[in-house]
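Worksheet: one structure, shown below.
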Amino acid sequence: MITQNSIPEVKEDYIGYALNERKIRLPQFQNLGPADLITLAKYSPTSSNTNAINSTSRNNGATTMKPPAAAALDGSAASVVTNGNISDVAVATNSTAASIFSGSRSVNDAAPMVAEFHPLNKLKGEIGTFFYSMGADTSSPTSIAIFLKGISDIITEKPQVWFGKRKAFQVARISFSTWNAFRKCDINVIVHIPGTIQNFIVDCNGESQNIELHADHDLIWAETFVSGVVRSIILMKENAEEGELQNLVETLILNPLMTGQIDDLSEMFIDLFPIVYLKGPLLGAPHYIANVTNTNNYLVETLVEIVKLTRSVSRVEAMLKDLANENPEAIIVLTKIFLVCDREIDAMKLIYDELSHNDRISNPNNYMDYKSEILCLQAQFLVDKKQDYTLAQNIAQEAANCSPSEFRPWYLLSKAYVKLNDIENALLILNSCPMSPLKEKYTLRRVVPLPSKNSLHLPLPIDVVLDEVTSLNPQDVQKEHRSADPMLVNLAASNLKSTFQLAYRLLTEIVQITGWENLLKYRSNIFVMEDEYQNSTSSLSKSVGEQEEVPLRSKRLCERWLDNLFMLLYEDLKMYTLWQTEQLYMDVQNNNHNKLTFEWELFGLCARRLGHFPEAAKAFQNGLSQRFSSRCARKLLEYCVNERQRIKNFLNSPNSHGMAPEMVTSRIRELDNSIIDLCVKICCWNHRWYIEFSINLLDSLSVVIQDMELTKVSNEISSRYSETVFKLVQENLLDFFSTCTNGYYDA
């Protein structure tokens, strides 16, 4: 649901500022690259301006490409009457309107095209703005032009509230820049309204060329489309633990599978996958992957996620089996898809076949990596689904032997030992995990510096109002953050990243089994601390040192990072115990436990890190009872979904015969209602911050829709909330299930 109030904008000091800054930073872009950049040249719709823009569009000498009828850029929808005051609108000077590209202007050079984005003949009141975007259909210049024309129509359909004043604008030119992560170049499209489309490619050296003159122009567009989809999916997937939050506020985030005006984008991605398959490692891989391979990278992660969301299993199965004829390791990708789409038996058959035919993979250099991937999939399945921890331990050990530099096999091996209550081996293996301190998750970064602190235009989306969510005052929240208990705020475990976050999770599972005192005993029995080792070797004499060497030799030197995790665990346990003691005292005294919402949020996160999920959920509920908190809501939603699945799993176990069916039904219904309410509130909060896409919300709502069916869930939402809220949820969530999931969910 895109409206004027759901488009953030940054006002430029001069027209072309954002394009220039992006061009300067092209050599710095890595792997997936930045968000797409949209720039606009807006002007006051006076009669002289209208004549000037029409004359410019007729007489520009740039190479043009007329769009099809579906994308006709006649500018009729942009015609508005203005009563607005333009006295405070900045007018760019000619000195700042020079081309952002330098050098000669050959037939293949795009400099004349870019120069036209800010021509010397300025329009009265003309200003430049920009914002970032994720999820637009970038499969062709036509699809981009349609998207840009839609943005232009929204901006010009009525007077815009612009820095507190209502102003009428028309859009003279609008551009779109997107990063082709395979070729490490920027793809640019400029739409002149009315009339022409220009597209060109700019490499990291600043060299530019008309895309249509490039020999591989079709492949370039395919790569550009895939790059954009991968960015959008991985942004959500990699930051799921953080609640899919991103700090680049001037970004409009759309569902990359629903923005297509011409084609089905999920099917297009699947069909284009074989073309770019061998280039997948160029995109990078998740933070826990050391050796990026054809089957372990962001491209594959995106395919798996798309198939899981859209349930396009049949289509992707045929594609991957055909791809495996030349690239046998592609079967590993199909195995991953089967595992997330509830086809575990088929996945295990594929794993058995692959391990039985060691000669299938043609590249011997990567064979051990591919074998390790297969074994890790099998070990993960045995731990999570079959609870066969002994077999999982043996398989994870073999996977670690195949790829000793990879984190995941060691992590699974340690986890298997934890499940077997073999604490000493679990700690020893954890200590041996190869960590990746420098590798970060994919997040959005600001490419174009804000011109000034007053240049950011962040409208409040008043088209959708849910009082407890949209009326939240950010200043009040910031004040609350400053007043929170410093001990809670400063818990360092909340800042763990990458593989250290995963290792800490294993350590908390261990302490739940052993308790803190016993964990310390295990640590002293098998590890020698670095300081202890240095002191023993430096302070003792040679003769005494030889006597002391025997117990030291029987121990392992504890890695510094693991020693640090023990310290962080102690701080978390200390805080959790203090809060629980205080809560118990308040309950005995029949007093309310008066805490700020932010404090409840931090305590809930602490309890969650320690694996005390019911206590964490209670804390999140207490926080939400006082005011809305997106983090509390997201973590409570996660708990409700997991608790629902736990009850379902228990019902299917041999121990479920003692449970009363009506109690189970009542509890699941209660959880379903909570999931629906939380999804609606988070959807409204996301819309408040220009985010119209969330994998977490789609996944969460899908478990309810699968049982209740789409129509009933839709009726539940429409009966509880206003028409505008329902329309938002319908467009951002419900429509996806009805149009993009291949009929998987019953209507």
Condition broken by residue 15, with the remaining ones in (1) buried (at least 22 other Cβ atoms within 10 Å of the Cβ); (2) not in a loop (DSSP other than H, G, I, E, B) satisfied: (2)
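Among the candidates 320, 299, single out the residue that is part of a helix (DSSP H, G or I) and closer than 23 Å to residue 33 by Cβ. Don't jump to the end; show me each part of the working.
Numbers: 320 fails: closer than 23 Å to residue 33 by Cβ.
From the options 320, 299, the qualifying one is 299.
Quick check on segment 325-345: of everything there that is surrounded by fewer than 17 Cβ atoms within 10 Å (Cβ to Cβ) and touching a helix residue (DSSP H, G or I) at 6+ places or on another chain (Cβ under 7 Å), which residue is nearest to residue 32 (Cα to Cα)? First the steps, then the outcome.
Taking segment 325-345 as the starting set, the residues that turn out to be surrounded by fewer than 17 Cβ atoms within 10 Å (Cβ to Cβ) are 325-326, 340, 342, 344-345.
This time we only want the ones that are touching a helix residue (DSSP H, G or I) at 6+ places or on another chain (Cβ under 7 Å), so: 340, 344.
Details: 340: 24, 344: 31 Å.
Among those that are surrounded by fewer than 17 Cβ atoms within 10 Å (Cβ to Cβ) and touching a helix residue (DSSP H, G or I) at 6+ places or on another chain (Cβ under 7 Å), it is 340.
Are any of the residues in segment 688-698 small (Gly, Ala, Ser), part of a helix (DSSP H, G or I) and modelled with pLDDT of 95 or more?
Restricting attention to segment 688-698, the residues satisfying the condition of being small (Gly, Ala, Ser) are 694.
Narrowing further to those that are part of a helix (DSSP H, G or I): none.
Among the residues of segment 688-698, not one is small (Gly, Ala, Ser), part of a helix (DSSP H, G or I) and modelled with pLDDT of 95 or more, which makes the answer no.
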Residue match in segment 650-667 (condition: at pLDDT 85 or above, surrounded by 13 or more Cβ atoms within 10 Å (Cβ to Cβ), at negative phi and within 29 Å of the chain's Cα centre (by Cα)): no
From 275, 306, residue being under 17 Å from the mean Cα position of the chain (by Cα), over 21 Å from residue 348 (Cα atoms) and not acidic (Asp, Glu): 306
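In segment 726-746, what count of residues is obtained for those that are among the aliphatic types (A, V, I, L, M) and under 21 Å from residue 267 (Cβ atoms)?
The first filter runs over segment 726-746 and keeps only residues among the aliphatic types (A, V, I, L, M), leaving 728-729, 733-734.
If we keep only those that are under 21 Å from residue 267 (Cβ atoms) too, we end up with 733-734.
Summing the residues that are among the aliphatic types (A, V, I, L, M) and under 21 Å from residue 267 (Cβ atoms) in segment 726-746 gives 2.
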Yes/no for residue 468 being within 27 Å of the chain's Cα centre (by Cα) and within 30 Å of residue 10 (Cβ to Cβ): yes
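Any residue at all in segment 451-469 that's assigned to a helix (DSSP H, G or I) and surrounded by fewer than 16 Cβ atoms within 10 Å (Cβ to Cβ)? Let's see the steps before the verdict.
So in segment 451-469, the residues assigned to a helix (DSSP H, G or I) come out as 467-469.
Remaining after also requiring surrounded by fewer than 16 Cβ atoms within 10 Å (Cβ to Cβ): 467-468.
Yes, segment 451-469 contains at least one residue that is assigned to a helix (DSSP H, G or I) and surrounded by fewer than 16 Cβ atoms within 10 Å (Cβ to Cβ).
Filter segment 555-566 for residues that are in a helix (DSSP H, G or I) and more than 30 Å from the chain's Cα centre (by Cα) and give the result. Even if it seems obvious, please write down each step before you answer.
Step one: filter segment 555-566 for residues in a helix (DSSP H, G or I), giving 560-566.
Answer for segment 555-566, where residues must be in a helix (DSSP H, G or I) and more than 30 Å from the chain's Cα centre (by Cα): 560, 563.
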Residue satisfying condition, being within 18 Å of residue 26 (Cα to Cα) and not in a loop (DSSP other than H, G, I, E, B), within set 147, 176: 176
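Can you find a residue in segment 216-234 that is assigned to a loop (DSSP other than H, G, I, E, B), free of Cβ contacts under 8 Å to residues at least 24 places away in the same chain and either surrounded by fewer than 23 Cβ atoms within 10 Å (Cβ to Cβ) or assigned by TED's automatic domain parsing to the domain that holds residue 605 (or both)?
Initial filter on segment 216-234 (assigned to a loop (DSSP other than H, G, I, E, B)): 216.
Add one more test, that the residue is free of Cβ contacts under 8 Å to residues at least 24 places away in the same chain, and what stays is 216.
Add one more test, that the residue is either surrounded by fewer than 23 Cβ atoms within 10 Å (Cβ to Cβ) or assigned by TED's automatic domain parsing to the domain that holds residue 605 (or both), and what stays is 216.
Yes, segment 216-234 has at least one match.
Regarding segment 706-716, can at least one residue be identified that is without any contact (Cβ under 8 Å) to a residue 12 or more places away in the chain and of a type outside the set (Lys, Arg)? Show your work before the answer.
Within segment 706-716, the first condition is being without any contact (Cβ under 8 Å) to a residue 12 or more places away in the chain, and the residues that meet it are 712, 715.
Cutting the leftovers down to of a type outside the set (Lys, Arg) gives us 715.
Yes; the residues of segment 706-716 include at least one that is without any contact (Cβ under 8 Å) to a residue 12 or more places away in the chain and of a type outside the set (Lys, Arg).
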Residue satisfying all of: in segment 199-215; of a type outside the set (A, V, I, L, M) and over 17 Å from residue 36 (Cα atoms); surrounded by the fewest Cβ atoms within 10 Å (Cβ to Cβ) among these: 205
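Of the residues that make up segment 308-323, is at least one touching a Gly at 6+ places or on another chain (Cβ under 9 Å) and of a type outside the set (Lys, Arg)? Walk me through how you get there before you give the answer.
Kept after step one, since they are touching a Gly at 6+ places or on another chain (Cβ under 9 Å), are these residues of segment 308-323: 311.
With the extra rule that they be of a type outside the set (Lys, Arg), the set shrinks to none.
No: zero hits.
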Members of segment 18-43 that are crowded, with 23+ Cβ neighbours inside 10 Å and in a helix (DSSP H, G or I): 18, 19
Selection count where residues are under 30 Å from residue 213 (Cβ atoms), of a type outside the set (Gly, Ala, Ser) and touching a residue at least 60 places away in the same chain (Cβ under 8 Å), scope segment 138-165: 8
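Mind listing just one residue for me: the one in segment 510-561 that is aromatic (Phe, Trp, Tyr) and touching a Leu at 6+ places or on another chain (Cβ under 8 Å) and, of those, modelled with the lowest pLDDT? Lay out the reasoning, then the answer.
First, pick out the residues of segment 510-561 that are aromatic (Phe, Trp, Tyr): 516, 522, 527, 533, 561.
Filter once more, keeping what is touching a Leu at 6+ places or on another chain (Cβ under 8 Å): 516, 522, 527, 533.
Numbers: 516: 96, 522: 95, 527: 92, 533: 68.
It comes out as 533.
Mind telling me which of the residues 503, 492 ends up being in the same structural domain as residue 573 (by TED's automatic domain parsing), surrounded by fewer than 18 Cβ atoms within 10 Å (Cβ to Cβ) and small (Gly, Ala, Ser)?
492
Among 244, 238, which is surrounded by 22 or more Cβ atoms within 10 Å (Cβ to Cβ) and within 26 Å of the chain's Cα centre (by Cα)? Talk me through it step by step, then tell me what you get.
Values: 238 fails: surrounded by 22 or more Cβ atoms within 10 Å (Cβ to Cβ).
Result of the check over 244, 238: 244.
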Residue 313 vs. criteria surrounded by 19 or more Cβ atoms within 10 Å (Cβ to Cβ) and of a type in the set (Val, Ile, Thr): yes
Residue ID - nearest to residue 291 (Cα to Cα), chosen from residues in segment 404-425 that are polar (S, T, N, Q) and surrounded by fewer than 23 Cβ atoms within 10 Å (Cβ to Cβ): 405
Segment 568-610, residues that are surrounded by fewer than 17 Cβ atoms within 10 Å (Cβ to Cβ) and either of a type in the set (Phe, Trp, Tyr) or outside the structural domain of residue 622 (by TED's automatic domain parsing) (or both): 570, 585
Matching residues in segment 247-283 - criterion: being at pLDDT 95 or above, among the β-branched types (Val, Ile, Thr) and surrounded by fewer than 19 Cβ atoms within 10 Å (Cβ to Cβ): 275
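The values are calculated or read from the model by the stated rules, or taken from the named source; none is laboratory data. In this text, all values refer to a predicted model and were calculated from it rather than measured experimentally. A quick note on method: Cβ atoms are made from the backbone with ideal geometry, for glycine too, and the neighbour counts reach across all protein chains shown.
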